[in-house]
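In what follows, a structure is listed as structure tokens, so that the remarks can point back to it.
The values are calculated or read from the model by the stated rules, or taken from the named source; none is laboratory data. The shown structure was predicted, so the numbers you read here are calculated from the model rather than taken from an experiment. Please note: Cβ atoms are built from the backbone with ideal geometry, for glycine as well, and neighbour counts cover all protein chains shown.
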Amino acid sequence: MKSETKPGKYDLLENDAVRSIFKSRRTQFLIQLPGVLFLVIVVLAGFYGIQNSNMNFASISIWVIWWSLLIISLALFGRFWCLMCPFGAIGDWVQRRSFYKRVNDTFSLNRRWPARFRNLSIAAVFFLVITWADFQFNLVNSPLNTAYFIVALLGAVVIVSIIFERRSFCRYACPITGLAGLYSMFAPFELRSKNRETCKTCMEKYCISGNEKGYPCPVFEYPGTMEKNTHCILCTECAKTCHKNNISFNLRSFARDFLTLSRTRTDEALFVLVLLGVTVFQTLIMIRPWTGLTTDLMIYTGAGYDSVRFILFIAAAAFPVMVYSAAIGISKLFDPKVMFKELFTGYAYSIIPLGLMMHLSHNLRHLLEEGTGIIPVISDPFGSGWNLFGSSGYAPVPLLDNNNILLIQWLLVFAGLGFSISAGRGISRRMFRGNEAGYIPVLVFVFIFFVFNLWMSGQPVMHKH
Ligand code: SF4
Ligand code: SF4
């Protein structure tokens, strides 16, 4: 089937080679395999390697390289990471008792995920707990705790896969699923049905039920109505099962989901705001004013550093929700007929590009300043004196100086502001009858975070985490 004419999109599945890659059952396994091997090395290095984060493969590869590349890849390729994720791979292999062959009999109770938790609530709690654990247990600087963390997460994935159907963990519980889903809306790739009418009239709906060529969608999506990248983990199963060849994988312009979005969700909107607060907090604790602020608060309240940091962490996560609610309250004055909830959820998506670019600029600093630390540890992952590739003696240096990093950070955040404004105006036009006055309070909210982020990125860095 030929694609519908969709201006500004190019269906990569029109290419025979790409289509055969999507249709092959081995594809995902071959992409997952290096990820699983990587995870095994990380865990071994964490448990048995030297307990110095600058000399251990586990710390540098996970917290500097992987975490930075994850955010970059979400912006550029969407949820490509989910296609190769070793946690999801191991969950699938246990559940299916097969690496890539289609089997009917699964090793799972196949329970349905509880209806009241079919949202981002558990994922949000996990995300906050893990971000907090990062500070409290010094995950980033402890190879051993990094290994424990990975094993615990893997255990959770396997247990959920054995109890619940398909990739319930990835859809509802993975600590990065909210972040990955919302950021991937910005990416210039999308998997969609070619023609919605074909799906509407399709009786078999193998994308939902599966057939001998592939599994039903592991994350309970229906390509026939999918309009954003948020939940699709790019597993390619629907491209295999669809007997009408009605799946496309489009190259498109950046941030396109924000211009076409019509269905919004409160859990996603809240996640956007909490994520924004956590992103700010992560930068805040690295800069000099943080030291003064925490010292003052400790003296004023008599509380210890951990307690003060915890309170500020919770405040940082809650602050955007409160300020944004106030902005929406004002916005409602301009558009009294529209419900508060509609305005709240609708406009929240317009904040994602700025939040993504703030996150990206934060992680890019880590990558550019600390990324070359991977060169010696690749040769000596356990810090035990090996020199596998002849690079163990390399002394890491930043890839760029501070001024150039700052310039890139500012450019990214400016781009994020531009995309956010364009998304906000688009949402106002499509969802709120072009009432641009109603968007102004949200614009002010976005601008406050934009300016604050510019200020933070210009402050001297005191701690790396
Ligand atoms: S099987 Fe194909 S045509 Fe049928 S509903 Fe699914 S994606 Fe659409
Ligand atoms: S929509 Fe298709 S590619 Fe996306 S997760 Fe579902 S089956 Fe996989």
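Annotations
- Restricting Val151, Val125 to those that are modelled with pLDDT of 95 or more and either in contact with a helix residue (DSSP H, G or I) (Cβ under 8 Å, 6 or more places away or on another chain) or among the hydroxyl-bearing types (Ser, Thr, Tyr) (or both) reduces the list to Val151.
- Residue match in region 239-249 (condition: more than 8 Å from ligand 1 (Cβ to nearest atom), touching a residue at least 60 places away in the same chain (Cβ under 8 Å) and within 20 Å of Arg112 (Cα to Cα)): no
- Search result, residues across region 370-395 that are touching a residue at least 40 places away in the same chain (Cβ under 8 Å) and either of a type outside the set (A, V, I, L, M) or assigned to a loop (DSSP other than H, G, I, E, B) (or both): Glu370, Gly371, Gly373, Pro376, Asp380, Pro381, Phe382, Gly383, Ser384
- Criterion (of a type in the set (Ser, Thr, Tyr), within 16 Å of ligand 1 (Cβ to nearest atom), buried (at least 20 other Cβ atoms within 10 Å of the Cβ) and in the same structural domain as Pro86 (by TED's automatic domain parsing)) met by exactly one of Thr236, Thr230: Thr236
- The residue list Val151, Val125 contains one member that is surrounded by fewer than 16 Cβ atoms within 10 Å (Cβ to Cβ), assigned to a helix (DSSP H, G or I) and within 18 Å of the chain's Cα centre (by Cα), which is Val125.
- Members of region 403-442 found to be buried (at least 18 other Cβ atoms within 10 Å of the Cβ) and more than 24 Å from the chain's Cα centre (by Cα), listed by number: Ser428, Met431, Phe432, Gly438, Tyr439, Pro441
- Residue ID - nearest to ligand 2 (Cβ to nearest atom), chosen from residues in region 207-251 that are under 20 Å from the mean Cα position of the chain (by Cα) and acidic (Asp, Glu): Glu221
- Yes/no for Gly292 being in a helix (DSSP H, G or I) and at pLDDT below 95: yes
- Those residues of region 74-117 which are of a type outside the set (Gly, Ala, Ser), within 25 Å of Tyr183 (Cα to Cα) and outside any helix (DSSP H, G or I), in sequence order: Arg79, Cys85, Trp113
- Enumeration of residues in region 148-204 that are within 16 Å of ligand 1 (Cβ to nearest atom), touching a Gly at 6+ places or on another chain (Cβ under 8 Å) and of a type in the set (D, E, K, R): Glu190, Arg196, Lys200
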